[in-house]
Amino acid sequence: MLKVEEQQPVQFSAALIEKAEEIVKRYPEGKQKSALLPILHEVQAELGWLSPNAMDKIAEFLSIEPIEVYEVASFYSMYFLKPQGKYVLEVCRTGPCCLVGAEKLMDHLEKSLGVKENEVTSDGLFSWRGVECLAACGYGPVLQIGPEYTFYENLNEQKVDDLIQDLRKK
Ligand code: FES
């Protein structure tokens, strides 16, 4: 059963549609499905996440089946299938980062933000989650903050608290 926010009708802006049409033109005629990944990014950037209705609308736009959109969107971790906070703190939870404290950092985020992984704080500002290797294994623990994907290395609890404070002030 879908939650209310997951059933909201979706409207793409004129700018988004224009951008999507431009992306489709990069590919040979009949190969419009190739535009799916960049269009998913654009839609997520505008709406904050990819609701079922948004994915259905993308399928309609590309003249493909909705399942083809769901398969791709659910495969890649950079696509959000649930509403997220304005800032998404993604902590690397792969082995080398765990050896230097990534799990402690995720416990700390849960306590300091007061929400579990993939939940959104009541002010709508933050969510956090563990992700696989962020390719900075020698500099852990590391995290990136979406939607711009700013990257932070050699973290500890105090540095993460400072980051959160800075984001709150924005
Ligand atoms: S293991 Fe954390 S960045 Fe590679």
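Annotations for the structure displayed:
- At R0 = 22 Å, FRET efficiency that the Cβ-Cβ distance of Lys25 and Glu65 yields, to 0.05: 0.50
- Once both labels are positioned 7 Å from their Cα atoms along Cα-to-Cβ, the gap between Glu117 and Phe75 label points is 2.3 nm.
- Among the protein heavy atoms of the chain, carbon and sulfur supply 53% of the accessible surface, probe 1.4 Å, non-protein parts ignored.
- Phi to ³J(HN,Hα) by Karplus 6.51 cos²θ - 1.76 cosθ + 1.60 over the range 44-49, Hz, x for Gly, Pro: 5, 4, 7, 9, x, 6
- The charge dipole of the chain, taken about the Cα centre with unit charges on the Cβ atoms of Lys, Arg (+1) and Asp, Glu (-1), comes to about 200 debye, rounded to the nearest 20.
- Scanning the chain for GluC sites (Glu not before Pro) in DSSP loops with at most 16 neighbouring Cβ atoms within 10 Å leaves 30-116 as the longest stretch between them.
- For the chain, taking Cα atoms only, Rg and Dmax work out to 17.7, 53 Å respectively.
- Across all C-alpha atoms in the range 87-169, the radius of gyration and Dmax reach 11.5, 35 Å.
- A DSSP coil position with no more than 15 other Cβ atoms inside 10 Å describes the following trypsin sites (Lys or Arg not before Pro) in the range 15-84: Lys25, Arg26, Lys31.
- Here the range 113-170 is assigned +1 on the Cβ of each Lys and Arg and -1 on the Cβ of each Asp and Glu. Its dipole about the Cα centre then comes out at about 100 debye.
- Solvent accessible area, Å² - Cys133, 1.4 Å probe, full protein context: 70 Å²
- Over the range 14-75, equivalent-ellipsoid semi-axes from the Cα gyration tensor in Å: 16, 14, 9
- Probe 1.4 Å, accessible area per residue of the range 1-89, Å²: 61 Å²
The values are calculated or read from the model by the stated rules, or taken from the named source; none is laboratory data. Worth saying up front: this structure is predicted, and the values here are computed from it rather than measured. Cβ sites come from the backbone with ideal geometry, for glycine too, and all protein chains shown count toward neighbours. The protein model used for the area step is the full one, side chains on, heavy atoms only, and it has no ligands, DNA or RNA in it. Shrake-Rupley method; radii C 1.70, N 1.55, O 1.52, S 1.80 Å.
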